[in-house]
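What follows is one structure encoded as structure tokens, with my remarks underneath.
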Amino acid sequence: MPARSADRPAAVLLVCLGNICRSPLAEAALRAEAAAAGLALEIDSAGTGGWHVGEPPDPRARAVALARGIDIGGYRGRQVARADFARFDHIVALDHENLRALRALCPEGARARLSLLLDHVPGREGEPVADPYFGGPEGFETTWADVTAGAAGLIATLRGAG
Ligand code: 4NP
């Protein structure tokens with residue numbers, strides 16, 4: 001990957017376990033919030049696990065996004081790679097388990113800054129976005145609310161960073 005220059009948009013990678021539930025929704029929410037804010041960003045999502053590589057998002061995640069007029073059916077799961085730590089300015093984990101996995105993978109001197117998504121929401125620092133995979137569809141509504149709040153907070157963080 002070539003080095004990023006200062007005039008390029010900031011690049012943000014959102015990371016959960018499977019890349020089929022939470023991080024695709026976080027990607028969709030951040031795309032929507034960035035567009036609404038008029039902020040150019042490079043945005044992607046990935047999973048720390050490799051079970052769902054190449055798969056579309058979970059149908060329950062897709063339904064929650066579609067209910068807001070956003071089609072994430074074209075997204076495909078991928079696993080975090082060491083090259084991501086050079087490509088992205090911010091790698092944002094949805095929960096602590098994935099933040100730990102990212103810290104373990106992160107090469108020395110990486111460009112990416114690691115954080116937890118809800119660290120960007122005042123009053124919710126340190127909170128995880130709960131994994132909705134083994135629950136019912138209502139859990140995905142909570143996920144959408146959490147990732148929307150996190151996306152708005154992340155935009156504020158990025159604006160503050162200039
Ligand atoms: P995600 O949810 O990390 O939000 O995409 C999960 C998806 C799949 C699995 C676990 C969590 N799984 O065990 O296959």
Within segment 45-101, the residues that are small (Gly, Ala, Ser) and within 14 Å of the ligand (Cβ to nearest atom) are SER45, ALA46, GLY47, GLY49, GLY50, GLY54, ALA61, ALA65, GLY77, ALA93, ALA101
Can you go through ASP146, ASP119 and tell me which one is more than 15 Å from the ligand (Cβ to nearest atom) and of a type outside the set (Ser, Thr, Tyr)? ASP119
Filter result (without any contact (Cβ under 8 Å) to a residue 40 or more places away in the chain and within 16 Å of the ligand (Cβ to nearest atom)) within segment 122-138: GLU127, PRO128, ALA130, PHE134, GLY135, GLY136, GLU138
Please tell me if ARG22 is within 11 Å of the ligand (Cβ to nearest atom), modelled with pLDDT of 95 or more and among the charged types (D, E, K, R). yes
Could you check segment 66-162 for helices (runs of 4 or more DSSP H) lying wholly inside it with 2 or more residues that are surrounded by fewer than 16 Cβ atoms within 10 Å (Cβ to Cβ)? 96-105, 138-160
Hits in segment 91-112 (condition: acidic (Asp, Glu) and under 23 Å from TRP144 (Cα atoms)): ASP95, GLU97
Being surrounded by 22 or more Cβ atoms within 10 Å (Cβ to Cβ), closer than 27 Å to ARG159 by Cβ, within 14 Å of the chain's Cα centre (by Cα) and not β-branched (Val, Ile, Thr) is the requirement here; does ARG22 meet it? yes
Test result for ARG113, within 14 Å of the chain's Cα centre (by Cα) and away from the ligand (no atom under 13 Å from the Cβ): yes
Inside segment 36-77, the number of residues satisfying the requirement of being touching a residue at least 12 places away in the same chain (Cβ under 8 Å) and over 24 Å from ASP119 (Cα atoms) is 19
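The values are calculated or read from the model by the stated rules, or taken from the named source; none is laboratory data. None of these values were measured; they are calculated from a predicted model. Please note: Cβ atoms are built from the backbone with ideal geometry, for glycine as well, and neighbour counts cover all protein chains shown.
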